[in-house]
1. How much solvent-accessible surface does SER37 expose, in Å² to the nearest 10, with a 1.4 Å probe and all protein chains in place?
2. If you take the Cα Rg of the range 5-64 and divide it by 2.2 N^0.38 Å, with N the number of residues, what do you get?
3. Heavy atoms only, probe 1.4 angstrom, no DNA, RNA or ligands counted: give me ASP113, ASP51, ASP89 ranked by accessible area, highest first.
4. Could you give the length gained on full extension between LEU69 and GLN107, defined as 0.36 nm per residue of separation minus the Cα-Cα distance, in nm?
5. Quick one: give the max-minus-min coordinate of the C-alpha atoms of the range 53-96 along each principal axis, largest first, in Å.
6. Write down the Å³ per residue value for the convex hull defined by the alpha carbon atoms of the range 33-75.
7. Contour minus end-to-end for ASP51 and GLU31, with contour as 0.36 nm per residue of separation and end-to-end as the Cα-Cα distance?
8. Exactly which GluC sites (Glu not before Pro) in the range 1-75 are in a DSSP loop and have at most 10 other Cβ atoms within 10 Å?
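The values are calculated or read from the model by the stated rules, or taken from the named source; none is laboratory data. Remember, it's a predicted structure, so these values are computed and weren't measured experimentally. Counting neighbours? That spans all protein chains shown, and the Cβs are built from the backbone with ideal geometry, glycine included. Heavy atoms of the whole protein, side chains included, go into the accessibility calculation; ligands, DNA and RNA do not. Shrake-Rupley method; radii C 1.70, N 1.55, O 1.52, S 1.80 Å.
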Amino acid sequence: MPQIPEKIHELTVGQLSARSGAAVSALHFYESKGLISSRRTSGNQRRYSRDTLRRVAFIRAAQRVGIPLATIREALAELPEGRTPTREDWARLSEKWRSELEERIQQLNRLRDQLTDCIGCGCLSLKTCALSNPDDVFGDRLTGSRLMAERR
C-alpha cells in the first residue's frame with residue numbers, strides 16, 4: 001500500500017484510489033452519490049482531503065457486510081460536515097445495523113432451506129412452494145398451475 005507523506009493534505013483521485021484500494025470509478029461513484037466530496041483545482045482536477053481515506057474505508061467496510069449505500073449515506077450525513085468517522089461512530093452505527101443484518105441472515109437461511117424443496121417441482125406454484133407461494137397465499141384467490149392476473 002503506497003504511503004502518502006504527512007505533509008500532503010490533499011490527494012488526487014489516483015492517490016486516493018491507490019491508498020484506499022477503491023477503483024477510481026468507485027470513488028467517482030461515491031462522490032456522485034454524496035458519500036465523499038472533493039474540491040476542483042483551477043485545472044478542474046479533483047482533490048480530496050486526507051480524511052476522505054477514512055470515509056472510503058468506512059464505506060467499503062459497511063458495504064462488505066451488506067449495508068446499502070443509501071443507508072451508509074444516511075449514517076455519514078449524521079456526522080458533522082467534514083468530520084471523518086471515528087471508531088466510536090463505527091461502533092454506534094454497526095450496533096444499529098446488527099439487528100438488520102441478523103434478520104437478513106435468518107431470511108437467507110430460510111430461503112436456502114426452502115430452496116431444496118423447490119428444485120424439481122417445475123411449476124413453482126404448488127401449495128407447498130415456500131418461495132413463490134409462501135403459506136399458499138394464492139390458493140385462496142387463484143387456481144391452476146401458474147399465476148394469472150385476476151379478472152374483475
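1. Solvent-accessible area, nearest 10 Å²: 80 Å².
2. 1.05
3. ASP113, ASP51, ASP89
4. Here the answer is 11.6 nm.
5. Here the Cα extents, ordered largest to smallest, are 24, 19, 17 Å.
6. 69
7. Full-extension gain reported as 5.8 nm.
8. On the way: sites: GLU6, GLU10, GLU31, GLU74; in loops: GLU6.
Here the sparse-neighbourhood loop sites are GLU6.
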